[in-house]
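**Student:** I'd like to ask you about the structure that follows.
The values are calculated or read from the model by the stated rules, or taken from the named source; none is laboratory data. Because the structure is predicted, anything quoted here is derived from the model rather than measured. Virtual Cβ from ideal backbone geometry, glycine too; neighbours counted across all protein chains shown. Side chains are part of the model used for accessible areas, which takes the heavy atoms of the whole protein and leaves out ligands, DNA and RNA. Shrake-Rupley method; radii C 1.70, N 1.55, O 1.52, S 1.80 Å.
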Amino acid sequence: MGLPTTNPTTTKSWTELQRHFEIIQAEEMKVWFRENPKRAKELSIEIEDVYLDYSKNRITKETMSILYSLAEEVGLKTAIEAQFKGVQINKTEERSVLHTALRGGEELEVNGIPIHKEITDSLSKIKAFSSKIHSGKWKGYTGKPIDTVVNIGIGGSDLGPKMVVDALLYYKSSIKSHFISNVDGDHVHHILQQLDPETTLFIVVSKSFTTQETLANAETARAWFLEGAAEKDIAKHFVAVSTNMKAIKTFGIATENTFPLWDWVGGRFSLWSSVGLSIACVLGYDHFEQLLEGAFSMDEHFRKASFEDNIPVTLALISVWYNNFFNSETEAIIPYNQALNSLVPYLQQAIMESNGKHIDREGNSVAYQTGTIVWGSTGTNAQHAFFQLLHQGTKFIPADFIGFKQSFYNDKSHDFKLMSNFFAQTEALLVGKTKEEVRESLLQQNIPTTKLESLVAYKSFEGNRPTNTLLFSKLTPKVLGKLIAMYEHKLFVQGVIWNIFSYDQMGVELGKELSSSVLQEIQSSSVNSEHDASTKTLLDTYLQAQ
Ligand code: F6P
């Protein structure tokens, strides 16, 4: 048993949505707000410290009701339980998908092995290790305590821990952190030159321990370390997180300095596992634990709430509505919190590596759109960068606005300015500014009538541009756990509806394969004549400069 395999376009609800779309596509949200004073209340969900207002969307209650029926028709309830119970829903890789089990829940077995004890053992190991780093009990090869942790990994072995550490730096200990991911040598050398080998700990994170970038960076870091230290000192300065024990040993990292990972945790969902070791080392184990608790409470909500009261389900369905009926290509994510600067790159991997697929769960090419492109950056910076296009461009771009009721430092002067922008932007996108309103304000500025008319069209705003507002209490570890889990569940729901496999990533393989043969050509200075003319010329040009 795996996931249901319904082609969404064959459902009754899909036909209903098409009919419904024809009727409401040109309607204006601001009119709906005028007609129904209860709209904001009716189209919002509040759970503990999360408030989702989805009323500024091109939806009515009828839209939502058909979307919820679509979720029923494609078997979403069964799919959710299948995931949480450890059914092998990652069918192409024959794996369960159990990052949720890392955060709590019932005892489960994978391939006949109970996993609860393995999880708690690994958490205990993370706790013990990170505590030794904090207390200074873990000493470097010259007897000095560790003051800097460097995470070497890429993709899911970098983006998650980096995003969490960036987001929660306010709660950090005295341990400094760096993240090395890109195989770009300039990056690793730039960081190494800032480090003291006597007080630096490298955490090499790679689920497979075969990833070119990570191995190259780890080798470079080891060579740099050995400039002053001996082989035997490596054990005090290098630890690893992986499923591939053999490769770790070959690299020279001691088995006792290895943190486990399992194939039922996908790379882009792995920050909850030992991959989060750098989080525990930099922020403290308690904060890591609170992050897990927050995610678990979102899991419980996702699993137990009715679809109508379910935040991830509702967000996913609205996104499907835009993607498949309004033909929107992208979604923007705008957190009004500078600490969430790394959230979008993290979500790009989670969402786009998961749902960027065109073969359905029965092996057929899909005849409808799947994975959305997500992009964005923090407000208010984003306002001064790309908001022009959101407000007046030709593209239809739904956006999630993420804000917090309390800041870290509680400087009300800044907080009020930040949040007034947060609220004003979604209102502006909703209501726009009519030509009459523009004319009126230009008249008040005493602009001459001849000039005035030529400006009216440029200064008016259509509005009717959709947004979700997510208002959280405060960016605590627990709240961040909820926020991340919310998006994880959202993307899962979308994958279920689109009838694709969200948990493999075969699309990253071809580029990797080609790059390894190109690397051999570059190393041997002999370019294969079978390349296309463009690639061959580029390679020749590059080689001439070496
Ligand atoms: O880019 C593909 C990918 O496999 C990601 O899914 C993964 O997060 C990343 O590479 C790193 O993989 P690993 O942890 O095995 O080094």
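**Student:** What's the magnitude of the charge dipole for segment 387-432 around its Cα centre, counting Lys and Arg as +1 and Asp and Glu as -1 at the beta-carbon? Answer in Debye, nearest 20.
**Tutor:** Values: 4 positive and 4 negative charges, 6 e Å.
Its charge dipole is roughly 40 debye.
**Student:** Based only on the alpha carbon positions, what is the Kirkwood hydrodynamic radius of segment 368-441, in angstrom?
**Tutor:** On the way: mean 1/r = 0.0684 Å⁻¹.
For segment 368-441, the Kirkwood estimate is 14.6 Å.
**Student:** In segment 406-546, with Lys and Arg counted as +1 and Asp and Glu as -1 at Cβ, which of these residues, VAL496, GLY463, SER525, has the Cα nearest the positive end of the dipole, that is, farthest along it?
**Tutor:** Among VAL496, GLY463, SER525, the one farthest towards the positive end of the dipole of segment 406-546 is GLY463.
**Student:** Compute, for the chain, the length of the dipole vector about the Cα centre, with Cβ point charges of +1 (Lys, Arg) and -1 (Asp, Glu) only. Units Debye, rounded to 20. Walk me through the intermediate numbers first.
**Tutor:** Numbers: 52 positive and 64 negative charges, 220 e Å.
So the magnitude is around 1060 debye.
**Student:** Something else: Can you pull out the GluC sites (Glu not before Pro) in segment 3-67 whose DSSP state is coil and whose Cβ has at most 12 other Cβ atoms within 10 Å?
**Tutor:** Answer in residue order: GLU27.
**Student:** State the dimensionless ratio Rg/Rh of segment 59-107 (Rg: radius of gyration of Cα atoms; Rh: Kirkwood radius).
**Tutor:** Numbers: Rg = 14.4 Å, Rh = 12.6 Å.
The Rg/Rh ratio comes out at 1.15.
**Student:** Please report, ordered by residue number, every helix of the chain (full DSSP H runs) that is 24 Å or longer along its axis going by C-alpha atoms and whose mean Kyte-Doolittle hydropathy reaches -0.5.
**Tutor:** Details: long enough: 116-135 (28 Å, -0.59); 285-304 (28 Å, -0.93); 412-431 (27 Å, 0.11); 477-498 (32 Å, 0.59).
TM-like helix candidates: 412-431, 477-498.
**Student:** Can you run the Rg to Rh ratio on the chain? Use alpha carbon positions and the Kirkwood inverse-distance Rh. Intermediate results must be reported in sequence, preceding the final value.
**Tutor:** On the way: Rg = 25.6 Å, Rh = 25.5 Å.
Ratio of gyration radius to Kirkwood radius for the chain: 1.00.
**Student:** I'd like the accessible area for ARG268, computed on protein heavy atoms only with a 1.4 Å probe and all protein chains in place. Round to 10 Å², please.
**Tutor:** Answer for ARG268: close to 10 Å² accessible.
**Student:** Same structure, new question: Per q in 0.13, 0.14, 0.17 1/Å, what log10 I(q)/I(0) does a Debye calculation on the alpha-carbon atoms of segment 109-288 return?
**Tutor:** Per q value, in the given order, log10 I(q)/I(0) is -0.59, -0.69, -1.05.
**Student:** Using the charge dipole of the chain (Lys, Arg: +1 at Cβ; Asp, Glu: -1 at Cβ; taken about the Cα centre), state which of PHE33, GLN445, ALA385 has its Cα farthest towards the positive end.
**Tutor:** Working it through, the farthest residue towards the positive pole turns out to be GLN445.
**Student:** Using alpha-carbon positions, what is the distance between the centroids of segment 264-290 and segment 6-33, in Å?
**Tutor:** Here the answer is 41 Å between Cα centres.
**Student:** So which of LYS85/LYS478; LYS38/LYS459; LYS176/LYS207 end up more than 26 Å apart by C-alpha? It would help to have the intermediate numbers written out before the result.
**Tutor:** Numbers: LYS85/LYS478 24 Å; LYS38/LYS459 31 Å; LYS176/LYS207 24 Å.
The answer is LYS38/LYS459.
**Student:** Another question, then. What is the percent carbon and sulfur in the accessible area of the chain, measuring with a 1.4 Å probe over the protein chains and ignoring ligands?
**Tutor:** Details: 12720 of 24160 Å².
Here it works out to 53 percent.
**Student:** Find the accessible area per residue for the chain; the probe is 1.4 Å, ligands and nucleic acids are left out, and the unit is Å². Walk me through the numbers on the way to the answer.
**Tutor:** On the way: 24160 Å² over 546 residues.
Result: 44 Å² of accessible area for each residue.
**Student:** Let me ask something else about it. What is the extension gain from LYS249 to SER526, computed as 0.36 nm multiplied by their sequence separation minus the C-alpha to C-alpha distance, in nm to one decimal?
**Tutor:** Details: separation 277, 0.36 × 277 = 99.72 nm, distance 3.41 nm.
Extra length available between LYS249 and SER526 comes to 96.3 nm.
**Student:** Rounded to the nearest 10 Å², what accessible area does SER454 have for a 1.4 Å probe in the complete protein model?
**Tutor:** 70
**Student:** Same structure again: Could you calculate the contour length gain from GLU300 to GLU109, that is, 0.36 nm times the residue separation minus the distance between their Cα atoms, to one decimal place in nm? It would help to have the intermediate numbers written out before the result.
**Tutor:** Working: separation 191, 0.36 × 191 = 68.76 nm, distance 1.95 nm.
So the extension gain works out to 66.8 nm.
**Student:** Here's a follow-up. With +1 assigned to the C-beta of every Lys and Arg and -1 to the C-beta of every Asp and Glu, and no other charges, what is the dipole magnitude of segment 109-288 about the Cα centre in debye, to the nearest 20? Don't skip to the answer; put the middle values down first.
**Tutor:** Numbers: 17 positive and 18 negative charges, 98 e Å.
Dipole magnitude for segment 109-288 comes out near 460 debye.
**Student:** So what's the net charge close to ILE146: Lys and Arg +1, Asp and Glu -1, counting the other residues with Cβ under 12 Å from its Cβ? Let's see the in-between values first.
**Tutor:** Numbers: positive: LYS132, LYS137, LYS139, LYS144, LYS176, LYS236; negative: ASP147, ASP196, GLU198.
Neighbour charge sum, excluding ILE146 itself: +3.
**Student:** Would you calculate the separation in nanometres between label points at THR537 and ILE373, each defined as 7 Å from the Cα along the Cα-to-beta-carbon direction?
**Tutor:** Spacing of the two 7 Å Cα→Cβ label points: 2.6 nm.
**Student:** Okay, moving on. Taking the Cα-to-Cβ direction at LYS77 and at GLU42 and moving 7 Å from each Cα, how far apart do the two end points lie in nm?
**Tutor:** 2.5
**Student:** Semi-axes of the equivalent ellipsoid for segment 298-366, please: Cα gyration tensor eigenvalues, times 5, square-rooted, ordered largest first, whole Å. Numbers along the way, then the final one.
**Tutor:** On the way: eigenvalues 103, 75, 38 Å².
Values for segment 298-366, descending: 23, 19, 14 Å.
**Student:** Label GLU93 and SER65 with points 7 Å out from Cα along Cα→Cβ: what is the distance between them in nm?
**Tutor:** About 4.1 nm, to one decimal.
**Student:** On the principal axes of its Cα set, how long, how wide and how thick is segment 262-303? Give whole Å, largest value first.
**Tutor:** Principal-axis extents of the Cα atoms in segment 262-303, largest first: 31, 24, 13 Å.
**Student:** Report, in whole Å, the centroid distance computed from the Cα atoms of segment 479-500 and segment 50-108.
**Tutor:** Segment 479-500 and segment 50-108 have Cα centres separated by 7 Å.
**Student:** Would you mind getting me the FRET efficiency between ASN410 and SER131? Use the beta-carbon distance for r and R0 = 25 Å, nearest 0.05.
**Tutor:** Details: r = 30 Å, r/R0 = 1.19.
Efficiency at R0 = 25 Å is approximately 0.25.
**Student:** Among bridges DSSP assigns within the chain, what percent are antiparallel (round to 5)? Display every interim value, and only then the final one.
**Tutor:** Details: 15 of 46 bridges.
The antiparallel fraction comes to roughly 35 percent.
**Student:** Using alpha-carbon positions, what is the distance between the centroids of segment 165-244 and segment 320-371, in Å?
**Tutor:** 31
**Student:** Let me ask something else about it. With a 1.4 Å probe and all protein chains in place, put PHE461, PHE387 in order of accessible area, largest first.
**Tutor:** These residues rank, largest area first, as PHE461, PHE387.
**Student:** Length gain on complete extension for the stretch TYR458 to LEU443, per 0.36 nm per residue less the alpha carbon to alpha carbon distance?
**Tutor:** On the way: separation 15, 0.36 × 15 = 5.40 nm, distance 1.54 nm.
So the chain would gain 3.9 nm between TYR458 and LEU443.
**Student:** If you don't mind, there's one more thing I want to ask. Averaged across orientations, what area in nm² does the convex hull of the alpha carbons in segment 71-192 project?
**Tutor:** Values: hull surface 46.6 nm².
In nm², the orientation-averaged hull projection of segment 71-192 is 11.6.
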